[in-house]
Amino acid sequence: MTIWLAVGLGTLACYLAKLAGLSLPARVLERPRVRHIAALLPIALLAALTALQTVSSGSRLVIDARLAGVAAGAVALLLRAPFIVVVAVAAGTAALIRVLN
Amino acid sequence: MSPEHRSPILRNALAIGAATGAYALSFGALSVAAGLSVPQTVALSLLMFTGGSQFALVLTLGAGGGWVPASGSAALLGFRNAFYGLRIAELLGRPRGWRRLLTAQFTIDETTAMALGQAEPAASRYAFWATGLSVYVLWGAGTLAGALGAQLLPDPRALGLDAAAPAAFLALLAPRLRGREPWLVAALAVAVALLLVPVVPAGVPVLVAGLVAVAVGLRGTP
């Protein structure tokens with residue numbers, strides 16, 4: 001039930017954000033402060049999610065094969081690899097390290 | 001619009017759809033690995049239909065977060081679509097009634113980029129809908145295929161899927177890291193989130209990291 005609740009509420013919130021842009025007068029969203037925060041929000045969230053998914057496990061911080069996988073994915077990004085390649089390189093590296101251990 | 005104007009737009013729309021379809025494969029697989037069912041996973045792609053938010057939601061749930069941080073982080077990431085909506089309203093001439101409700105659902109990164117890239121209003125409208133439909137169909141199909149595929153896997157960790165998730169976020173983040181302020185916000189968000197991991201419930205560190213963006217935005221805007 002928790003999952004369906006999260007899916008429903010998250011979907012509703014995301015839809016309302018899309019609809020707000022089409023419905024609200026432009027001046028509400030065009031304020032410099034609102035624009036600035038909106039540009040920074042994805043950066044903060046994506047950076048936090050990247051870090052948490054790499055080194056946290058429940059309420060602990062752990063270093064494991066994920067870190068090596070993400071580092072390999074970062075190298076692929078620097079080499080301008082497409083999205084699916086970045087993800088595959090990260091997964092493959094982590095899987096390989098686990099096999100070798 | 002003449003056919004010779006339409007066909008390059010259509011080609012681009014299909015190419016973008018194919019790329020997001022591949023991305024959807026990884027979303028479907030990660031969602032099932034995070035503990036969502038196949039119907040829940042596909043429902044997200046068809047109803048929420050905005051990739052970053054979907055990833056945030058399923059991975060927060062997978063990390064043990066409750067419905068508040070899960071839907072909250074999805075909502076915060078989805079906030080940017082409001083700004084795409086502004087541009088789309090200008091380009092498509094402020095749609096009304098049921099048209100507006102439908103246009104809203106398709107207002108995402110890809111459709112906005114394609115609509116903005118056209119020289120005339122008719123081409124923008126065509127690009128918006130062609131890209132929207134192409135991405136919607138292939139995003140849904142890719143999600144279903146990825147979710148069904150992941151169900152067959154004995155242990156997602158053995159395939160390194162738990163490293164694929166943060167790599168996906170990193171790939172979404174990388175193009176936004178231009179200039180000093182984005183790097184500062186990213187570093188602060190990471191530090192705050194990691195410091196909070198041992199002391200607050202799962203999922204909450206992401207929401208607090210979002211407040212970092214709000215705080216920096218409020219301070220730094222003239």
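The values are calculated or read from the model by the stated rules, or taken from the named source; none is laboratory data. Every value quoted in this text rests on a predicted model; they were computed, and no experiment measured them. For neighbour counting, all protein chains shown are included, and Cβ atoms are generated from backbone atoms with ideal geometry for every residue, glycine included.
Checking region A:76-84 against the condition returns a match, with at least one residue being part of a helix (DSSP H, G or I) and more than 7 Å from chain B (Cβ to nearest Cβ).
For beta carbons closer than 7 Å, sequence separation of 6+ or different chains, a first residue in region B:1-28 that is under 13 Å from B:SER134 (Cα atoms) and a second that is charged (D, E, K, R), the qualifying pairs are B:ILE16/B:GLU110; B:THR20/B:GLU110. Of everything listed in (1) more than 13 Å from chain A (Cβ to nearest Cβ); (2) surrounded by 24 or more Cβ atoms within 10 Å (Cβ to Cβ), the single unmet condition for B:ALA167 is (1). One residue stands out among those in region A:5-32 that are at pLDDT 95 or above and more than 7 Å from chain B (Cβ to nearest Cβ): the one that is nearest to B:ARG219 (Cα to Cα), which is A:LEU16.
Does B:VAL137 satisfy being part of a loop (DSSP other than H, G, I, E, B) and loosely packed, with under 15 Cβ neighbours inside 10 Å?
Criteria not met by B:VAL137.
To keep it simple, each residue is scored yes or no on (1) assigned to a helix (DSSP H, G or I); (2) of a type in the set (Gly, Ala, Ser); (3) surrounded by fewer than 17 Cβ atoms within 10 Å (Cβ to Cβ); (4) at the interface with chain A (Cβ under 10 Å from one of its Cβ atoms).
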{"residue": "B:GLY142", "(1), (2), (3), (4)": "yes, yes, no, no"}
{"residue": "B:ALA147", "(1), (2), (3), (4)": "yes, yes, no, no"}
{"residue": "B:PRO175", "(1), (2), (3), (4)": "yes, no, yes, yes"}
{"residue": "B:ALA187", "(1), (2), (3), (4)": "yes, yes, yes, yes"}
{"residue": "B:LEU195", "(1), (2), (3), (4)": "yes, no, yes, yes"}
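Quick one: would you say A:VAL87 is assigned to a helix (DSSP H, G or I), closer than 27 Å to B:ARG80 by Cβ and within 18 Å of the chain's Cα centre (by Cα)? Yes; evaluated as a whole, the condition is true for this residue.
Scanning region B:90-110 for residues that are modelled with pLDDT of 90 or more and small (Gly, Ala, Ser), we see that the one that is surrounded by the most Cβ atoms within 10 Å (Cβ to Cβ) is B:ALA104.
Residues that are touching a residue at least 40 places away in the same chain (Cβ under 8 Å), in a helix (DSSP H, G or I) and more than 7 Å from chain A (Cβ to nearest Cβ) occur in region B:71-85; there is at least one. Only one entry in B:ALA123, B:ALA113, B:ALA119 is away from chain A (no Cβ under 13 Å), surrounded by fewer than 19 Cβ atoms within 10 Å (Cβ to Cβ) and modelled with pLDDT of 90 or more, namely B:ALA113. When B:SER37 is tested against the conditions (1) touching a helix residue (DSSP H, G or I) at 6+ places or on another chain (Cβ under 7 Å); (2) at the interface with another protein chain (Cβ under 9 Å from one of its Cβ atoms), the lone failure is (1). A Cβ distance below 9 Å, combined with a sequence gap of six or more or placement on separate chains, defines the contacts here; from region A:26-46, residues that are closer than 16 Å to B:ALA187 by Cβ reach residues that are among the aromatic types (Phe, Trp, Tyr) in the pairs A:LEU41/B:PHE79; A:PRO42/B:PHE79; A:ILE43/B:TRP183; A:LEU45/B:PHE169; A:LEU46/B:PHE169.
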